[in-house]
C-alpha cells in the first residue's frame with residue numbers, strides 16, 4: 001500500500017511540513033534539558049508497565065462507539081481519545097486514561113482535559129496546562145516517517161491518528177491485550193487530509209457525538225492512508241511482544257487488525 005496519494009503532495013504541504021520541523025527544535029531541546037521536561041520524562045518512566053497484565057479497551061471516536069455495550073468490558077483498563085469526555089458525561093463509561101495530541105482539540109477544548117484522571121497531551125501545548133497534576137506530556141517525533149515507539153519517554157509517532165499514539169501508550173503501560181472499539185475508519189466529509197478547515201455542518205456525523213466538532217470549530221480531515229500504514233506498523237510491534245490487538249468495532253472499515 002502506498003504511503004502517499006501523490007496528487008495530495010503539494011509544494012505548500014511540503015514547505016509547511018519542513019517549517020513544523022524547524023519550529024519544533026525548541027520543544028525538542030526543552031523536552032530533554034528543561035526542569036519541566038526532565039520531570040515529565042521521569043513521570044513517564046514511572047508509568048512503564050504500570051498496568052501490566054491487564055486487558056485494555058481502546059475507544060476510538062467513530063459513530064459506532066455509541067452502540068458499544070460497555071458492560072462487556074467492565075474489567076478492562078479504558079483508554080479514551082480526544083473528546084471522550086462527551087461520552088463520559090452521559091455516565092455509561094469512565095476512562096482511566098485519555099490521550100490527545102491534536103493541537104486544535106487541545107486548544108479549543110482544553111477545559112475538558114482538566115477533569116480526567118490522567119491525560120497524555122501534546123508537549124507542544126504544555127503552556128495551556130501549567131501546574132495541572134493530571135496531565136503528562138508526550139513529544140511527537142518530527143521525523144517524516146512513522147515508527148512505533150517502545151520508549152514513549154523519548155517520543156511517540158503520530159501515524160496521522162491519535163489511535164496510533166494510544167496504541168504506543170497502551171503497550172508501554174503494559175497491556176496484556178488490546179480490544180479496539182469505535183474505529184469506524186470512514187468519513188462522510190471529503191477534502192485534503194490534515195488541512196485545517198472551519199466546520200460548517202450543524203451536526204458532526206463522523207464522530208460519536210453530534211457536537212464533537214461543532215459548527216465553527218476548526219478541524220482537520222484525517223489521513224486514512226497514513227493511518228492504515230501506521231496500524232500495520234503497530235500490528236507488527238504488538239506481535240513482536242506477543243500482545244494481541246483485536247478490532248471489535250461494529251462494521252468498522254479498517255482491515256488491519258484481527259476482527260471478531
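Worth pointing out:
- Counted residues, the stretch 213-258 - those being within 27 Å of residue 86 (Cβ to Cβ), out of contact with any strand residue (DSSP E or B) (no Cβ under 9 Å at 6 or more places or on another chain) and assigned to a loop (DSSP other than H, G, I, E, B): 5
- Only one entry of 149, 142, 158 meets the criterion of being touching a helix residue (DSSP H, G or I) at 6+ places or on another chain (Cβ under 9 Å), at pLDDT below 95 and either part of a loop (DSSP other than H, G, I, E, B) or crowded, with 22+ Cβ neighbours inside 10 Å (or both), and that entry is 142.
- Scanning the stretch 196-207 turns up at least one residue that is over 27 Å from residue 67 (Cα atoms), surrounded by fewer than 17 Cβ atoms within 10 Å (Cβ to Cβ) and either touching a helix residue (DSSP H, G or I) at 6+ places or on another chain (Cβ under 6 Å) or touching a residue at least 60 places away in the same chain (Cβ under 8 Å) (or both).
- Among the residues of the stretch 170-180, the ones that are touching a strand residue (DSSP E or B) at 6+ places or on another chain (Cβ under 6 Å) and either without any contact (Cβ under 8 Å) to a residue 24 or more places away in the chain or surrounded by 18 or more Cβ atoms within 10 Å (Cβ to Cβ) (or both) come to 5 in all.
- Search result, residues across the stretch 68-85 that are in contact (Cβ under 8 Å) with a residue 40 or more places away in the chain and under 15 Å from residue 179 (Cα atoms): 68, 73, 76, 77, 79, 81
- Conditions (1) within 14 Å of the chain's Cα centre (by Cα); (2) surrounded by fewer than 21 Cβ atoms within 10 Å (Cβ to Cβ); (3) more than 27 Å from residue 216 (Cα to Cα); number of the one not met by residue 79: (2)
- Candidates 235, 215, 259 - the one that is without any contact (Cβ under 8 Å) to a residue 40 or more places away in the chain and surrounded by 14 or more Cβ atoms within 10 Å (Cβ to Cβ): 235
- Verdict on residue 37 being modelled with pLDDT of 95 or more, out of contact with any helix residue (DSSP H, G or I) (no Cβ under 9 Å at 6 or more places or on another chain) and surrounded by 14 or more Cβ atoms within 10 Å (Cβ to Cβ): no
- Among the residues making up the stretch 107-129, those that are surrounded by fewer than 18 Cβ atoms within 10 Å (Cβ to Cβ) and part of a helix (DSSP H, G or I) are 107, 108, 110, 111, 127, 128.
- From 57, 104, residue being surrounded by fewer than 18 Cβ atoms within 10 Å (Cβ to Cβ), in contact with a strand residue (DSSP E or B) (Cβ under 6 Å, 6 or more places away or on another chain) and either at pLDDT 95 or above or not in a loop (DSSP other than H, G, I, E, B) (or both): 104
- No other residue among 240, 227, 244 is touching a residue at least 60 places away in the same chain (Cβ under 8 Å) and surrounded by fewer than 20 Cβ atoms within 10 Å (Cβ to Cβ) apart from 244.
The values are calculated or read from the model by the stated rules, or taken from the named source; none is laboratory data. These numbers were taken from a predicted model, which means no experiment stands behind them. All Cβ positions, even for glycine, are placed from backbone atoms using ideal geometry, and neighbour counts span all protein chains on display.
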